[in-house]
Amino acid sequence: MEEPVTFLNRRNEQLFGIVHIPERASNPRIGINILNPGLKYRVAPNRLSVKLARSLCNDGYFVMRFDPHGIGDSEGELQPDAHIHELWGLIQRGLFLGDTIASNDMFFKKYGLDRLFLLGNCGGAVTSLLTAAEDSRVGALCLVDLPVTIMDFSRPFSFADKLSPQGKTLDNLFSSYVRKLFQPKYWARLLTGKSDLRALSRVIALELKRPLTSSKLDKENNEDIDMFFRSNKLNPLVFNAFGKFISESKPVLFVLAGNDPGTETFQLYFENRWMQMLSNKRKIEDVEVFVVENANHIYSLAEWQEALIRKICNWVHRTAGGERGCMV
């Protein structure tokens, strides 16, 4: 069964959503809140959120899809004079975080949930991650095509200190590019102009000019690395929220579209660098990365959608403690 719901956010704006109610609820009762991809409303491109919700509901989970303020059927207004890129930047800073916590409040109370998962695509993945770092009720995260960059890079911070206390950042970045040279898929992206040539040339230039030893020059190189991360507009909120969430040993599934330009950025800066750094401090066995080969950002082909839905459903059921996965 699917039923409409309304609830108020912190500004007393009425938000609208749809809750999918299973015929036989899982034990414990688990709710999955599917967040909108960026500025799209609760259906998502290719009705992907609807298909996901119905598949998960058929497997015994309560699932909600809602519109944050200024989107779809919800009240409120986004900044009327803002450029779309400015709105994306605001989402990446947590524009819809308060709305999501309000939706979690209603979802938990109205349906008597025992556990809560968040699932988001693109901008919804950022909102899911930022919310999970603030809302302790969130027990697991499924993040589809998480963007790790930000539109406006105005906040100062030092990646040299946070990411490379031993001064090995450049080594890892350079090594990751060297490994890619032996991958046919990378050459295809390079020749078709999909790879970040500016980032590649920057890493090579830094590597060539760096001497093997010198504490003074190591400090200069750390400053170069800091500038390198700044120039690529990485979002510190995403990195910090992820570190906070997994510090509690909660499971995370990353799903990536194989033919999305953002996937290479995620793999280079987040998966290869940040997760490697975190693995030196704590165990992160509960983090999984899955790539839907050849898929584009909106999973326009049915086979891509089926692969994504099958993976997410099986992961949710395994994470929830079940033995079977849902059918697509």
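Just so you know, all these numbers are worked out from the coordinates, no wet-lab data involved. As the structure is a computational prediction, the values presented were derived from the model and not from experiment. Every residue, glycine as well, gets a Cβ built from its backbone with ideal geometry; the counts of neighbours run over all protein chains shown.
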Task: ³J(HN,Hα), Karplus 6.51/-1.76/1.60, whole Hz, each residue of segment 93-109, x for Gly, Pro - done: 9, x, 3, 9, 4, x, 5, 5, 5, 4, 5, 4, 4, 5, 4, 4, 6
Task: residue 1-residue 82 FRET efficiency (beta carbon distance; Förster radius 45 Å; 0.05 resolution) - done: 0.75
Open item on the list: Report the Cα centroid-to-centroid distance between segment 1-79 and segment 245-259 in angstrom, as an integer.
Closed with: 21
Open item on the list: Can you give the FRET efficiency to the nearest 0.05 for residue 301 and residue 12, using r as the Cβ-Cβ distance and R₀ = 45 Å?
Closed with: 0.60
Open item on the list: Can you order the peptides 4-13, 135-144, 85-94 by their average number of other Cβ atoms within 10 Å per residue, highest first?
Closed with: 135-144, 85-94, 4-13
TODO: Evaluate E = 1/(1 + (r/R0)^6) for residue 101 and residue 191, where r is the Cβ-Cβ distance and R0 equals 45 Å; express this FRET efficiency to the nearest 0.05.
DONE: 0.50
TODO: Enumerate the amide H contacts of residue 291 below 5 Å, restricted to partners 5 or more residues apart or on another chain; note that Pro and chain-start residues carry no placed amide H.
DONE: 256
- [ ] Sort 288, 77 so that the residue with the fewest other Cβ atoms within 10 Å of its own Cβ comes first and the one with the most comes last.
- [x] 77, 288
- [ ] Return the sequence-ordered ³J(HN,Hα) values of segment 257-268 in whole Hz as given by the Karplus equation 6.51 cos²θ - 1.76 cosθ + 1.60 applied to θ = phi - 60°, using x for Gly and Pro.
- [x] 7, x, 10, 8, x, x, 5, 5, 4, 4, 5, 6
Open item on the list: Can you sort 303, 75 from fewest to most other Cβ atoms within 10 Å of each residue's own Cβ?
Closed with: 303, 75
Task: Karplus-derived HN-Hα couplings along segment 128-142 (A = 6.51, B = -1.76, C = 1.60, θ = phi - 60°), whole Hz, x at Gly and Pro - done: 4, 5, 5, 5, 4, 6, 10, 10, 5, 6, 6, x, 7, 10, 10
TODO: For a footprinting-style exposure proxy, rank 21, 101, 32, 150 by other Cβ within 10 Å, fewest first.
DONE: 21, 101, 150, 32
Task: Distance between modelled label sites at residue 288 and residue 24, nm, 7 Å Cα→Cβ extension - done: 2.3
